[in-house]
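The values are calculated or read from the model by the stated rules, or taken from the named source; none is laboratory data. No experiment lies behind these values; they were computed from the predicted model shown. Using ideal geometry, Cβ is built from the backbone for each residue, glycine included, and neighbour counts are taken over all protein chains shown.
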Amino acid sequence: MRPHRTAVAVASLSLLLTTAIGLAFPLVVRFLMDAAFVTRSLENLNSIAIGLLILFAIKGVFNFLEVYLLGATGERVIADLRTRLFSKLLDLSPGFFTERSSGELTSRLTSDCSTLQAVLSHQVAELFRQVLYLVGGLTLLAALHPQLMVTTAAVAPLVVLIALSFGRFLRRKSTEVQDRIADANAVAEEALSQIPIVQSFVRERWEADRYGSRIQASLRAALSRAWARGLFFGVLAFVAFGGIVIVLWQGGRLVLAGQITAGELVSFLLYAVQVAAAITALASLWGAYQQAQGAARRVFDLLDEEPEIADPPSPVLVPEAAIPEIEFRDVWFRYGPDEPWALQGVQARLRPGEVVALVGPSGAGKSTLASLLLRFWDPTRGVIAWSTRDIREVALGDLRGAIGLVPQEPTLFSGTIRENIAYGRSGATAAEIEQAARAAHADEFIERLPEGFDTLVGERGVRLSGGQRQRLAIARVVLKEPRILILDEATSSLDTESERLVEEALASLMAGRTTLIIAHRLRTVQRADRLLVLDGGRVVEEGPHDELLLRDGLYARLYRGQLIFEPAV
Ligand code: ADP
């Protein structure tokens, strides 16, 4: 909140003034009552009433200032927090995301941030106001009549005791409610993002039940929280207002004995009500505070999360233009300390301009090897060298900026085709985008679309065919002009025409770059300069296709059994 200190200072001042006026009110009422009952002077009555009106007008202005300024500050702080949280999430490593669902993370961005917003724009101010009312009211009561004050003060510790004991219970309940809601969000997000799968397996009712049971769990937690809150407030209200009855009873006896005036009694009563109301309000704020603590913990835990893969403190500069030589030096990798080794001592070299195909049975470690090069993960042991430097010494942005990734199942962002291609390089001109589309053989289908490059594609590009999506993904990488390419070949075959276009697009993309292909097509391996045959995380064979066939090892067996290839189109 530091950047907003002026607003907070003005708001705090306003809060002080409005509370002071609120505290002065019973005193003025006392004079008003005494003017009516004791001195019976109409003139006094009029001027006091007018005075009160003016006082409340002033209070209104400060109320406005306080509520507006704190509200606005709360909104600004939370907008800033959400933005920071989101950009923090984007920096975290893939390992972090495999442990958490995106539904849970959106829940942090939305509902937890909203809880914090309520605290900042409203509840903190309310807390101060009620504390002032409590302390001010008790002080004035003490000053005006110590006997009555003693009664009121006797109730206070009781209330504090109740609040503390319930508070811990309420916090536990609140955290549980939020966690259950995050669980339910995770289910909803997953089902909605994979709606074709859900519907094709006729799993709508099953998903609805799954969501329903999570919601039921959150409802159960919320109901038990509601029950606890109800009990809490019931007991509290009785204790607080029971105290008022005692004050009134005692005050009435003092009036009967002629020790105080009716006006004094009314002002006592008003102070006592103020104090009681402050106690109840503080108790409710205590509950809200517990709830906010849970939300704050979850938000700040995320903000404090350190990405496992980070920039080196002083990155080395890699020459911009040169195509580097990549070397895997005895690379061992496992996804976690308890996981089996996914790569076991991989030794491999990608010479500048070379096309190297990774082949091997499923689970052999091909994707893992490719993702290590992108530093989605770091090797557990061993080094990946980029022109003799460890890639961990290179700035992440430089490293990933030099690598182009064409995924197996290209997904598009919602937006236009132009925006989707331009994702490859910010600041690309329209001409560059169109040129990239031509290089990827995407131009002819784009031009046939009703709005050409400005055609909107659905959230995941559902309105385009698989081959068209692949060519857009290729155009995106063409625009990026990477020095190293990682191609994860689609396992599903396209129709012959699309296949040919995609293949040509890839050929033009690969020209003049080092390419690492996770290969599934016979034609690809035949054309590759070299194949690395992986099995169980080890490179078991290496060499060109023809040579490996002659060797009659694993590759030849896989090839003859057609275990790794799609039928050639
Ligand atoms: P390929 O691409 O050759 O099919 P992968 O590189 O995907 O093989 O997988 C290699 C091994 O690592 C497999 O045993 C797989 O189960 C495991 N693996 C892959 N991804 C993860 C992950 N995120 N967490 C844990 N294990 C993984």
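What the table below lists for this structure:
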{"quantity": "Single condition GLU305 does not satisfy, out of (1) exposed (fewer than 13 other Cβ atoms within 10 Å of the Cβ); (2) over 18 Å from LEU144 (Cβ atoms)", "calculated": "(1)"}
{"quantity": "Top-ranked residue of region 345-387 - restricted to ones that are among the polar types (S, T, N, Q) and away from the ligand (no atom under 11 Å from the Cβ), ranked as surrounded by the fewest Cβ atoms within 10 Å (Cβ to Cβ)", "calculated": "GLN347"}
{"quantity": "Hits in region 529-539 (condition: farther than 15 Å from LEU369 by Cβ and surrounded by 17 or more Cβ atoms within 10 Å (Cβ to Cβ))", "calculated": "none"}
{"quantity": "THR18 vs. criteria without any contact (Cβ under 8 Å) to a residue 24 or more places away in the chain and out of contact with any strand residue (DSSP E or B) (no Cβ under 6 Å at 6 or more places or on another chain)", "calculated": "no"}
{"quantity": "Residue match in region 66-85 (condition: under 18 Å from GLU305 (Cβ atoms) and either within 16 Å of the ligand (Cβ to nearest atom) or hydrophobic (A, V, I, L, M, F, W, C) (or both))", "calculated": "yes"}
{"quantity": "From the options SER101, SER121, residue that is within 16 Å of the ligand (Cβ to nearest atom), modelled with pLDDT under 85 and out of contact with any strand residue (DSSP E or B) (no Cβ under 7 Å at 6 or more places or on another chain)", "calculated": "SER101"}
{"quantity": "Cβ pairs under 9 Å, 6+ apart, first in region 472-487 and surrounded by 24 or more Cβ atoms within 10 Å (Cβ to Cβ), second acidic (Asp, Glu)", "calculated": "ALA475/ASP443"}
{"quantity": "Single residue of region 388-408 satisfying the filter (over 16 Å from GLU320 (Cα atoms) and within 29 Å of the chain's Cα centre (by Cα)) that is nearest to the ligand (Cβ to nearest atom)", "calculated": "GLN408"}
{"quantity": "Single unsatisfied condition, SER371 versus (1) among the polar types (S, T, N, Q); (2) touching a helix residue (DSSP H, G or I) at 6+ places or on another chain (Cβ under 8 Å); (3) without any contact (Cβ under 8 Å) to a residue 12 or more places away in the chain", "calculated": "(3)"}
{"quantity": "Residue, farthest from ALA364 (Cα to Cα), within region 505-528, restricted to residues that are buried (at least 18 other Cβ atoms within 10 Å of the Cβ) and not hydrophobic (A, V, I, L, M, F, W, C)", "calculated": "ARG513"}
{"quantity": "Counted residues, region 124-146 - those being more than 15 Å from ALA283 (Cα to Cα), assigned to a helix (DSSP H, G or I) and not hydrophobic (A, V, I, L, M, F, W, C)", "calculated": "4"}
{"quantity": "Subset of region 512-562 [of a type in the set (S, T, N, Q) and more than 40 Å from the chain's Cα centre (by Cα)]", "calculated": "THR524, GLN526, GLN562"}
{"quantity": "Flag for ALA142 being over 38 Å from the mean Cα position of the chain (by Cα) and over 21 Å from LEU13 (Cα atoms)", "calculated": "yes"}
{"quantity": "Pair list, Cβ under 8 Å, 6 or more apart: region 86-99 residue under 18 Å from PRO379 (Cβ atoms) and part of a loop (DSSP other than H, G, I, E, B), other residue acidic (Asp, Glu) and within 16 Å of the ligand (Cβ to nearest atom)", "calculated": "SER93/GLU308"}
{"quantity": "Output for region 323-344, where each listed residue is part of a loop (DSSP other than H, G, I, E, B) and more than 8 Å from the ligand (Cβ to nearest atom)", "calculated": "ILE323, PRO324, GLU325, PRO337, ASP338"}
{"quantity": "Test for LEU219: is it under 22 Å from PHE169 (Cα atoms), modelled with pLDDT of 90 or more, under 25 Å from the mean Cα position of the chain (by Cα) and in the same structural domain as GLY287 (by TED's automatic domain parsing)", "calculated": "yes"}
{"quantity": "Some residue of region 266-274 being away from the ligand (no atom under 16 Å from the Cβ) and polar (S, T, N, Q)", "calculated": "yes"}
{"quantity": "Test for GLY424: is it within 16 Å of the ligand (Cβ to nearest atom) and either touching a strand residue (DSSP E or B) at 6+ places or on another chain (Cβ under 6 Å) or modelled with pLDDT of 90 or more (or both)", "calculated": "no"}
